[in-house]
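I have placed the structure first, in the form of structure tokens, so that the comments after it can refer back to it.
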């Protein structure tokens, strides 16, 4: 993927101290992209934020002693502005909203998706923008409280309260342990097979009693409009899908999706989708299905629009 920085240089933007500024920006870019994605839940929106941050960084005449802090401040404030409009858009979003799924197809994606599960991202959706920023900067990016206060333009005591409130809201959503790769693959394949076959006995052994199913189609493809909660409803759902469709979905590959076991598949209607499984104490507590094609465009580069792997991937 071409660097946004290189793009702006080609566009002929007037740059100050360009070589030094470019080196500083590129050194911070992976961390800034992780921050942008965690704030917004979208890599494409995070990329847009970084382009704007680069323009501001490259054209400022201000002398900067600590580029990392300066760039973090720019990106955070741009994300806060973006969240205001994002919240308005999500109020009219059709069905459940889920973040753009990441599975480490590139080194950059792997770094972004490392510890940001769908469960944590959805928990952060319930935070105010300032709570979200304070929590991410202090708890996830290990910034000192005084530096977070400077970034947010708040007093340290206020930031401490913001982070504390956020921490309480998301505490239950933070991963308690990592599922080993072999076990993750086994669970993903077992769930795919049981869901495909409508096997309620196998599903009962895999799912928790209070399992939740989130499905994001964005109003563009068929998806569950509301979150499906509880084992009995989940079993009826999968059994009903098996009765309704004669064709079977196709498993393309298992994958780690936003730090969770899961898989990529082509469903019965030839729609590409990702399924991520939040496993707790050996059972699936939540299922996150992304079907919105706008959020899966990055997968087309790896699998093509027909789901078949492309050369070199």
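The values are calculated or read from the model by the stated rules, or taken from the named source; none is laboratory data. Being a predicted model, the structure only gives us computed values, none of them experimental. Don't worry about glycine lacking a Cβ; one is built from the backbone with ideal geometry, like all the others, and counts go over all protein chains shown.
For a quick check of your reading: which helices (runs of 4 or more DSSP H) sit entirely within segment 1-114 and have at least 1 residues that are surrounded by 17 or more Cβ atoms within 10 Å (Cβ to Cβ) and modelled with pLDDT of 75 or more? Full working, then the answer.
Working: elements: 4-10, 18-40, 43-59, 67-91, 107-113.
Here the list reads 18-40, 43-59, 67-91.
For segment 201-227, what are the residues that are crowded, with 18+ Cβ neighbours inside 10 Å and free of Cβ contacts under 8 Å to residues at least 60 places away in the same chain?
Within segment 201-227, just 203 meets the criteria.
State whether one or more residues within segment 172-179 are in contact (Cβ under 8 Å) with a residue 24 or more places away in the chain, touching a helix residue (DSSP H, G or I) at 6+ places or on another chain (Cβ under 7 Å), outside any helix (DSSP H, G or I) and within 25 Å of residue 269 (Cα to Cα).
no
Of all residues in segment 235-283, how many are part of a loop (DSSP other than H, G, I, E, B) and either under 27 Å from residue 181 (Cβ atoms) or outside the structural domain of residue 199 (by TED's automatic domain parsing) (or both)?
Applying the first criterion (part of a loop (DSSP other than H, G, I, E, B)) to segment 235-283 yields 245-249, 258-259, 267-271, 281-282.
Those still in the list that are either under 27 Å from residue 181 (Cβ atoms) or outside the structural domain of residue 199 (by TED's automatic domain parsing) (or both) too: 248-249, 258-259, 267, 281-282.
Summing the residues that are part of a loop (DSSP other than H, G, I, E, B) and either under 27 Å from residue 181 (Cβ atoms) or outside the structural domain of residue 199 (by TED's automatic domain parsing) (or both) in segment 235-283 gives 7.
Go through (1) surrounded by 18 or more Cβ atoms within 10 Å (Cβ to Cβ); (2) modelled with pLDDT of 95 or more and name the single condition residue 156 misses.
Condition not satisfied by residue 156: (1).
Mind listing just one residue for me: the one in segment 119-134 that is touching a residue at least 40 places away in the same chain (Cβ under 8 Å) and not in a helix (DSSP H, G or I) and, of those, surrounded by the most Cβ atoms within 10 Å (Cβ to Cβ)?
127
Is it fair to say residue 167 is assigned to a helix (DSSP H, G or I), within 26 Å of residue 280 (Cα to Cα) and touching a helix residue (DSSP H, G or I) at 6+ places or on another chain (Cβ under 6 Å)? Explain how you work it out, then say what you get.
Numbers: assigned to a helix (DSSP H, G or I): yes; within 26 Å of residue 280 (Cα to Cα): yes; touching a helix residue (DSSP H, G or I) at 6+ places or on another chain (Cβ under 6 Å): no.
Taking the combined requirement at face value, the residue does not satisfy it.
Please work out which residue is modelled with the highest pLDDT, limiting yourself to segment 136-153 and to residues that are assigned to a loop (DSSP other than H, G, I, E, B) and within 21 Å of residue 41 (Cβ to Cβ). Reasoning before the result, please.
Filtering segment 136-153 down to residues assigned to a loop (DSSP other than H, G, I, E, B) leaves 141-144, 153.
Then keep just the ones that are within 21 Å of residue 41 (Cβ to Cβ); that gives 141, 143.
Numbers: 141: 91, 143: 94.
Per the stated criteria, the residue is 143.
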